[in-house]
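Following: one structure in structure tokens, then a few remarks.
The values are calculated or read from the model by the stated rules, or taken from the named source; none is laboratory data. In this text the structure is predicted, and so the values were computed from the model without any measurement. Positions of Cβ are generated from backbone atoms using ideal geometry, with glycine treated the same way; all protein chains shown enter the neighbour counts.
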Amino acid sequence: MKKLVVLGIVMTIAGLAMAQPQKKTFTARVKTRPAPTPPPIKKENTDGVLPRAARGGNPFQMLNPKAPPQYGRAEDSVVLDPDTGKWKGIKLFTINF
């Protein structure tokens with residue numbers, strides 16, 4: 001009986017001595033979500049002289065009466081009196097809803 005216990009202990013010690021430590025190779029799989037993109041801001045949300053000069057490229061073309069149509073019309077930036085039809089002021093910055 002003693003031989004059996006001693007043989008079991010020796011085999012356990014031999015098994016532990018022969019065992020090699022396992023390398024822990026855990027890799028976490030992280031699912032990355034693409035960043036949510038904000039909705040595009042339309043160019044039509046803002047209007048007036050200042051936004052048009054900022055996005056128009058050449059703001060001096062706004063002063064040119066014979067400017068190409070891509071720079072817009074002067075009537076788009078002027079406040080007109082509904083009764084007389086004459087101009088009352090200049091729209092510097094307007095927000096359209």
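Residue by residue through the stretch 71-83, note down the ones that are modelled with pLDDT of 80 or more and exposed (fewer than 10 other Cβ atoms within 10 Å of the Cβ). Of everything in the stretch 71-83, those that are modelled with pLDDT of 80 or more and exposed (fewer than 10 other Cβ atoms within 10 Å of the Cβ) turn out to be PRO82, ASP83.
Test GLY15 against the criterion of being loosely packed, with under 10 Cβ neighbours inside 10 Å and at pLDDT 75 or above, and give yes or no. No, not satisfied. Just one of the listed residues (ARG33, ARG52, ARG29) is at pLDDT 80 or above and assigned to a loop (DSSP other than H, G, I, E, B), and it is ARG33.
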